[in-house]
Structure formats: C-alpha cells, structure tokens
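Peer 1: One structure, as structure tokens, below. Some questions next.
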Amino acid sequence: MERKLVSIQRVDALEPIVGADKIVKARIMGWDVVVKKHEFAPGASCVFFEIDSVLPEGKPWAEFMRPRGFRVKTARLRGVLSQGLALPVDILPDGVDVPAHGTDVRDLLGVVKYEPVIPDTREIAGAFPGQVPKTDELRLQSALGVLDEMRGRDFYVTTKLDGTSATYFRPLDGELVACSRNWALARGPNPVWRMADRFELERVIPPGFAIQGELCGPGIQKNRLGLAAHDLFVFSVHDTRAGKFLDHAELIEFCAERELRTVPVEEVVEGDAAAAFPHSLELWLERAKGRYAGTNNRKEGIVVRPLREAWSATLGGRLSWKVINNDFLLADED
C-alpha cells in the first residue's frame, strides 16, 4: 500500500487539553493531532497531512507553516504529542467537491514528501527496478486494520535501524543493480556500491533475487549504532521470479549461507503466546521505545511481520508495519 501523504479523513474524537483554552486533541485514524478548538466536531471531515508532508509555498492556508519550513513534524504542545496536521476541507481548491474519506489529495494540494537525502544526480543510473517492491514501510497509526489481520499469527519484531535503505537486485539476465531508496545508482565509490563489493553481492545473490537492507555507519544519519565502519543489515529478500518475499526462517538461512548480517531480531512470538497476544496501538507504541544495543542512543523504532509471509487486505500488499519511537521523534528526528 502506497502511503497517502495527504488524504481526506474523519475526526473520530476530540479531547480537551489541560490548561489549554485554544487547542484540543483530536484522534484521526490512529494519530493524536492537536487542532484549534471549535475548528472541528467529532465525525467531521478534514484534510489530514501525515508526518513529512511539505506544504506548498504561496498558498494562504499554508503560510502559518513558513517558520517550520512548511514541513509537518512530530511536536509536543502543552504536553500532548501531535503527529500530523489537520486542516478544514475548505482549503481544497474552489469548485472541488469534498471527496470520500481516504481519498488521496496530495497532488490536488501540491504537497510533496520531505526527503532527507537527495542523491548526487551524477550517481543516478536510472529508475528503481520495477520487479522489486520499494522499502517504504507504512506506520501502524495509518493502517490500524493490520492489528486484526495479525491476531493469532506467529510473528517477529526487528529493530528499525537509523541508516539509509539499500536494495541489490540481480536480474535473470544482466548485471547487479544497486539502489538507494528510490533510484538505481551508477557503480562508483558511494557506500551502496562499496557494500556490494565488500560482500560480493554480484556473485552471492542468485539470479532473480533482490536483497534489501539498512546501510549504517559513519556519515550516515548520525551513526546512532556507533559503528566504526559501514555495514549492511538485511531485512528482506525478494524472489522476483515467484513475486514474493522469503519467510522469516528462509530469510535467516539465506543470509547465513552468504555471511550477510540481518537487522536485529528483538522477539519471536509463536504458538499459544501468538494466539493470545493483545495487539493494540498503545502496546506497540510502548514496545517501540528503547535504545540501540551497546549505546545510549534512542532507537528509531521497530518493524513487525508474520513469521510466514501473508497478504494484507488493509495494505493491499505485504502484511508488515513499522512503529516509530515517539521519544526518538521528539528528541532525535533529523
């Protein structure tokens, strides 16, 4: 499921904020968002901007975001965590009827996604390969239906590493393709290709397979893992011939045979424990907190997936979600 950066949503509930006269807390999907008092009623429609939306300059309705660089970020207002931005539907262009809940209006409003790293155009070799799914994981708060889809399933939890995404794809007939999150990169001295050479990925990846991982180390984000050198941590292996990701056990075996590290597995829940596991937004938000092993640095969060790959009707794709550590968002987000 592609992330809907800006969409029409419903204000599910409103709560007062202690000591605040002009603002209240709204619940939109799974997000808590601070809004102006009396601007919305419970059940009302709104235009909801998710975190990392960048509003367009030159629009009167967006001008109040200029001091923040027009970027929507996590904030704490009067002690309340606010994750997203809700504005009235009257910001839609004149003559546009209010669409149904869930409708994507990003292009209609001219909103773009904040990208922390823009690659040097000299490094771009072409488009991201269409046979391989991109690595952008949906946040739990935007797709709460996945909680019911996971109930009763065996699952595992991995640490979300604060690095940069890398994908390596070996076509059935062709040379290895090394990619950033959105682009195929030209072979050269960049860290993505250096990892390919270090682990001999052109040799060890079978034709038709892609591996996806997090590249971490000095000079990448803030190297919160405290690594002395760059390293690659695999989180997915995709068989493009079958059009599916490997199950967890297959992934671990695949990487072990090729001496590739995987992202840290924090927990595996199976059998009776999985059948009785009380999946909830609050539980997973708390579970996402913590620090990277061996450091005093807050971890970015966690990723939750079934041990055996499954289809999600909620997401229209792979059953998988990420939960970002709210402490990280408030104190460490770049």
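Peer 1: Taking the range 36-86, which residues are open to solvent by 60 Å² or more (accessible area, probe 1.4 Å), under 20 Å from Val323 (Cβ atoms) and modelled with pLDDT of 95 or more? Talk me through it step by step, then tell me what you get.
Peer 2: So in the range 36-86, the residues open to solvent by 60 Å² or more (accessible area, probe 1.4 Å) come out as 36-39, 42, 57-60, 63-64, 66-68, 73, 76-78.
Next, only the ones that are under 20 Å from Val323 (Cβ atoms) stay: 73, 76.
Within the range 36-86, none qualify.
Peer 1: Next question. Tell me which of these Val33 doesn't satisfy, since it passes every other one: (1) open to solvent by 20 Å² or more (accessible area, probe 1.4 Å); (2) at pLDDT 95 or above; (3) not hydroxyl-bearing (Ser, Thr, Tyr).
Peer 2: (1)
Peer 1: Kindly indicate which of Gly301, Gly316, Gly271 is open to solvent by 20 Å² or more (accessible area, probe 1.4 Å) and at pLDDT 95 or above. It would help to see each step written out before you state the result.
Peer 2: Values: Gly301 fails: open to solvent by 20 Å² or more (accessible area, probe 1.4 Å); Gly316 fails: at pLDDT 95 or above.
Exactly one of Gly301, Gly316, Gly271 is open to solvent by 20 Å² or more (accessible area, probe 1.4 Å) and at pLDDT 95 or above, namely Gly271.
Peer 1: Considering only the range 319-328, how many residues are modelled with pLDDT under 95 and surrounded by fewer than 20 Cβ atoms within 10 Å (Cβ to Cβ)?
Peer 2: 2
Peer 1: Name the residues in the range 68-90 that are part of a helix (DSSP H, G or I) and within 21 Å of Leu14 (Cα to Cα), would you?
Peer 2: The answer is Val89, Asp90.
Peer 1: Kindly indicate whether any position in the range 59-69 is of a type in the set (Gly, Ala, Ser), under 28 Å from Glu115 (Cβ atoms) and in contact with a Pro (Cβ under 9 Å, 6 or more places away or on another chain).
Peer 2: Narrowing the range 59-69 to residues of a type in the set (Gly, Ala, Ser): 62, 69.
Pick out the ones that are also under 28 Å from Glu115 (Cβ atoms) and you get 62, 69.
Of the ones still in play, those that are also in contact with a Pro (Cβ under 9 Å, 6 or more places away or on another chain) are 62.
Checking the range 59-69: at least one residue is of a type in the set (Gly, Ala, Ser), under 28 Å from Glu115 (Cβ atoms) and in contact with a Pro (Cβ under 9 Å, 6 or more places away or on another chain).
Peer 1: For the subset of the range 1-18 comprising residues that are over 26 Å from Gly316 (Cβ atoms) and free of Cβ contacts under 8 Å to residues at least 60 places away in the same chain, which member is surrounded by the most Cβ atoms within 10 Å (Cβ to Cβ)? Please lay out each step first, then the result.
Peer 2: Start the filter on the range 1-18 by keeping residues that are over 26 Å from Gly316 (Cβ atoms), which leaves 13-18.
This time we only want the ones that are free of Cβ contacts under 8 Å to residues at least 60 places away in the same chain, so: 13-16.
Working: Ala13: 13, Leu14: 18, Glu15: 11, Pro16: 11.
Applying the filter and picking the extreme gives Leu14.
Peer 1: Moving on. Can you name the condition, by its number, that Arg68 falls short on among (1) over 30 Å from Ser180 (Cα atoms); (2) free of Cβ contacts under 8 Å to residues at least 12 places away in the same chain?
Peer 2: (1)
Peer 1: Collect the residues in the range 253-263 that are in contact (Cβ under 8 Å) with a residue 40 or more places away in the chain and surrounded by fewer than 16 Cβ atoms within 10 Å (Cβ to Cβ), keeping them in residue-number order.
Peer 2: Glu259
Peer 1: Given the conditions (1) in a loop (DSSP other than H, G, I, E, B); (2) within 20 Å of Thr240 (Cα to Cα); (3) under 16 Å from the mean Cα position of the chain (by Cα), report the number of the one that Asp162 does not fulfil.
Peer 2: (2)
Peer 1: Can you find, within the range 231-251, the residue that is nearest to Pro306 (Cα to Cα) among those that are open to solvent by 40 Å² or more (accessible area, probe 1.4 Å) and under 22 Å from the mean Cα position of the chain (by Cα)?
Peer 2: Asp247
Peer 1: Filter the range 203-226 for residues that are over 22 Å from the mean Cα position of the chain (by Cα) and surrounded by 14 or more Cβ atoms within 10 Å (Cβ to Cβ) and give the result.
Peer 2: Val204, Ile205, Gly208, Phe209, Gly226, listed by residue number.
The values are calculated or read from the model by the stated rules, or taken from the named source; none is laboratory data. The shown structure was predicted, so the numbers you read here are calculated from the model rather than taken from an experiment. When we count neighbours, we look across all protein chains shown, and the Cβ atoms used for this are built from the backbone with ideal geometry, even at glycine. To get the accessible areas, we keep the full protein, side chains included, count just its heavy atoms, and leave off ligands, DNA and RNA. Shrake-Rupley method; radii C 1.70, N 1.55, O 1.52, S 1.80 Å.
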